Structures are given as C-alpha cells and as structure tokens.
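Everything below concerns the one structure shown next.
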Amino acid sequence: MAGTSPAMTKKGKVTMMPETKTAGRAKEVEALRWASNFLCEWRVCANASCRRARSCRGRPYLCGKRNSGALPKGVRDFFEAVLAAKLVGLPFEDFREDMEGREETEAFFAWRKAAVARPR
C-alpha cells in the first residue's frame, strides 16, 4: 500500500513517510472532531459557525483545549470514564451497566438532551 510503510534513515531509525504522517494527522483530527461533537462542545464554542452548524467547524486541536474546560464537570467526568473503559478494553455492555444511574451519566445525557432541544 502506497504511503503506509516506514522508511529507514541512514542511522537505521524507522521514520514514517510523509503520506503516513498526513493520514495519521487526518485520523487524529477526525477523532478529535468526533469527540467534540459527542460532547456537544459547540454549545460553548466561541466560533459562531460551530454554534450555527451544531458541530465542530473549527480546529479541533485548539477548540478541544479551549472548550472542554467550559463543559459541566459531570460531562467531562463521563467522557473520561468512556476513554478509560476504551483504554482497558471494557466491553460496552459492561461499561453501560457500570455507569447506569451514576451522577456523571445523568449529567452527560442531560447536557445532550438540552443540546438537541435547543432551537436553532
């Protein structure tokens, strides 16, 4: 596959080819944008185009840092639990069972519900 194999340097170190770096960067941006949309960060974003579109339209690297602190603590805590569960490979059904009825779960779904209910 073109652009996906590592290249060897003169010192024998493996480096990624530019095409691979670009593809990796695009995947990171896509993942960050997904997380931003999952958390409805557009609700607290200073970028008017994000608020109008109800979706991340800015730079997810910068916006995530800037906007995540403005999210309610319960929403941030829920997302941290999602990431921790994914990191250890916890099956979704187990995660869902563990999180059911917890304060951060309630906060997250209340935040999402308010985002959907808000008129354009």
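The numbers here are math on the coordinates, done by the rules we state, and not lab data. Quantities reported herein were computed from a predicted structural model and do not represent experimental measurements. All Cβ positions, glycine included, derive from the backbone under ideal geometry; neighbour counts span all protein chains shown.
A few notes on this one:
- Summary of packing: across the peptides 53-64, 101-112, the per-residue average of other C-beta atoms within 10 Å ranks them, highest first, as 53-64, 101-112.
- Within the shell defined by Cβ-Cβ distances under 11 Å, the residues around residue 43 carry a net charge of +3, with Lys and Arg each +1 and Asp and Glu each -1.
- The value of relative contact order for the range 72-120, using C-alpha pairs under 8 Å at least six residues apart, is 54 percent.
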